[in-house]
Amino acid sequence: MALPQEKLTATEERLASLAMPEMCGCTRAAREDALARVQEMGLPGRRDEYWKYTRPDTLISAQAPRAEVFDAGEPMIFEDMDNLKIVFVDGVFSPEESDDLTLEGVMIDRIEDICGKDIHWAKELYGALESRGQTPVPRPLAALNTAFAKDGVAIHVTGKPSKPICLMYRHASETSDAMLHHVIRVEPDAEVTVLEVGPAASRFNKVMEIDIADNGTLHHVRAQGRDHERRAMTHMFARLGTESTYKSFTLTANGVLTRNEQVVELTGDDAVAHVAGACVGDGDFHHDDTVFITHDAVNCESRQVFKKVLRNGATGVFQGKILVKEGAQKTDGYQISQSLLLDDDSQFLAKPELEIYADDVACSHGSTSGAIDETALFYLRSRGVPVKDATNMLTLAFLAEAVDEIEDSEVAEKIVNRLEDWLARRS
Amino acid sequence: MLEIKNLHVQLEDEDKQILKGVDLTVEPGKVHAIMGPNGSGKSTLSYVLSGRDGYEVTEGTATLEGEDLLDMEPEERAAAGVFLAFQYPVEIPGVGNMTFLRTAVNAQRKARGEEELSAADFLKEVRAKAKTLKIDADMLKRPVNVGFSGGEKKRNEILQMAMLEPKMCIMDETDSGLDVDAMKLVSEGVNALRNEGRSFLVITHYQRLLDHIKPDVVHIMADGRIVKTGGPELALEVEHNGYADILAEVN
């Protein structure tokens, strides 16, 4: 079917501003395939149902809007932890700033290097989960990424590395337009923690494809920081094997436009997937969590826990779906999305969805918007806690259910500290 | 200690007068009980004294050791020494009981210009006080009042009172929802806190609680006023004859 003229023009303009890497090697077929999908789907437009609450204009424009380089004046959140750091500056791998990429239990290669090879394990994964994730809902910006991303890492987890792998992003140019594509394969019984932190670029399009084999485990914790002028579009595609575990948590503070999509497919029995997010937005802030979890096996568990604190006209969006396929019996699905609106100007737009084709499942979902609980606030104040501190305590308490999804207590504490700092700066 | 003069209060949202001229003086070290039928304004009085939103004082004054309470924020009243034991203690998911207690204790100390309690000292004190109230370590770790039984919630109120060491304790129907054993435990906790410098205002429907917490003075409140004041025998009279006789007498 031909694309509407407006969409066709926008797509062509964007494609004209991009070029595939000179050497594509073993990723060539996937890239060409992805490009064909983009041409067929067209880039997202304002009339697309899936983009009803978030305007994609600045994500698809030929040039990235300018964004001031942000300096927090403090170390990045996971910087002082013992982890293997892989640094990207404006979307380009920086060997000087990165640690040595050798670590027992894991093999790490640059996507750029893989593009110079005809044979590599990542060939099977690059673009594969993204392509699967295009149905039933098209995600053209992910396909665009598969086609044109020049950098990223391929992480092959074969054991249990002794420390987390930390992807650190730095923003250096006001006009940077970065695309990163990461692929992660977790082998049977292997386990890894992947952290992501830092302002990546003025505009950032990231895809992460995660394939977790039977009994494998991946923990992902991400902090999207205070670089307020960024425009970020991220996709996480995860496929889970039997008895495997995928847990992902995202902290988002500020940002004029951030959309994080999670596309998770439970393909093996007894698998567990938890995706959670805590976001705090003030003023000219737009944050969108779009989640699609497909249960296609027996006795799997999925949890979606998203909490948003919004003030001064900030906007939060949640589109979350649980799809339980025929035969996915004993599914245990849970979804909660809540916003704490600290004033009348802020808004939370939520679209929770369940689609169930099996008859022996337990799925629950809830979505709420509310203000600070006045009774609880008075209780705290009546014990001597000043109103600002009491408000902050209740705000953190509101976010706690999401933060509790982080398994590593050291990481969780760091996230809580950042949230406390954010609140303290505003009270 | 506490001096209330001609206090008139109405609801902010609606034009409804609840307190219609309350006069009450509580001396240091004394326990005053306020009894009265439903809707007489007892709980409103406790909320107005502790600073809850939603009430408008249209006339009268309330002072604590000469300081105007009505002009203070709830947290300032707390730091000045007012403590309200809630009839329905509030559940706060996501806030640990211990964190809450420590924040409250140190906030009050800070407000009074005192040094904050160190983590170690705080822990020592809270453990000792919790033990006498039969509050176990698990209850201290759990979120504030979440999943607590009625008795546990009231004991938790008394623990807060013990930690915050207020001058003026207002207890709003602390006996409601308590079985005999729990009432005894709570009363013992309160009695342990009685001293020369600390006053209590015990609001209750029933004389039962006053068997355990012996009042010095008993007031009967009806239709927004204190209509009768007497000694402990007044509570017994209510227990035997109900409020009807007293109300008939004063009307």
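General remarks:
- Interface size A-B, as summed buried accessible area [1.4 Å probe, Å², nearest 100]: 1800 Å²
- Region A:346-427, accessible surface, carbon-and-sulfur percent (1.4 angstrom probe): 46 percent
- For the pair region B:158-225 / region A:103-140, the C-alpha centres are spaced 68 Å from each other.
- Contact with the other protein chains removes 20 Å² or more of accessible area, compared with the isolated chain and a 1.4 Å probe, from these residues of region B:106-121: B:107.
- Region A:5-372 shape via C-alpha gyration tensor axes, a/c threshold 1.5: rounded
- Near residue B:250: Cβ cut-off under 15 Å, other residues only, Lys/Arg at +1 and Asp/Glu at -1. The net charge is -2.
- Whole-Hz Karplus values for region B:191-196 come out as 4, 5, 8, 5, 7, 4 Hz, taken residue by residue from phi with 6.51 cos²θ - 1.76 cosθ + 1.60 and θ = phi - 60°; glycine and proline positions read x.
- Annotation: per residue accessible area for chain A equals 38 Å², rounded to a whole number [probe 1.4 Å, protein chains only].
- Straight-line cross-link reach from residue B:167 at under 14 Å between alpha-carbon atoms covers these aspartates and glutamates, not counting any fewer than eight positions away in the same chain: B:3, B:27, B:65, B:67, B:76, B:196.
- At R0 = 45 Å, FRET efficiency that the Cβ-Cβ distance of residue B:184 and residue A:71 yields, to 0.05: 0.15
- Interface burial in region B:86-100, defined as at least 20 Å² less accessible area with all protein chains than with the chain alone at a 1.4 Å probe, covers B:86, B:90, B:92, B:94, B:95, B:100.
- Mean accessible surface per residue for region B:1-133, computed with a 1.4 Å probe while every protein chain stays in place, in Å²: 46 Å²
- Three-way shape call for region A:24-147 based on the alpha-carbon gyration tensor, with the a/c threshold at 1.5: oblate
- A helix-only calculation puts chain A at -6500 deg cm²/dmol for mean residue ellipticity at 222 nm, using -39500 (n - 2.57) for each DSSP H run of at least four residues, averaged over all residues.
- Whole-percent carbon and sulfur share, accessible surface of region B:163-251, 1.4 Å: 49 percent
- For the protein assembly as shown, the share of DSSP beta bridges that are antiparallel, to the nearest 5, is 20%.
- Carbon and sulfur %, accessible surface of region A:19-136 computed with the full protein complex present, 1.4 Å: 48 percent
- Heavy-atom accessible area, 1.4 Å probe, ligands and nucleic acids excluded: residues of region B:65-79 down by at least 20 Å² from chain alone: B:74, B:75, B:78
- Tensor-based shape of chain B (alpha-carbon gyration tensor, a/c under 1.5 rounded, otherwise prolate or oblate): prolate
- Counting only residues at least eight positions apart within a chain, or on another chain, the aspartates and glutamates with an alpha carbon under 20 Å from that of residue A:117 are A:22, A:32, A:33, A:109, A:151, A:209.
The values are calculated or read from the model by the stated rules, or taken from the named source; none is laboratory data. Remember, predicted model here, so these are calculated numbers, not experimental data. Positions of Cβ are generated from backbone atoms using ideal geometry, with glycine treated the same way; all protein chains shown enter the neighbour counts. Please note that ligands, DNA and RNA were not included when accessible areas were found on the heavy atoms of the full protein model with its side chains. Shrake-Rupley method; radii C 1.70, N 1.55, O 1.52, S 1.80 Å.
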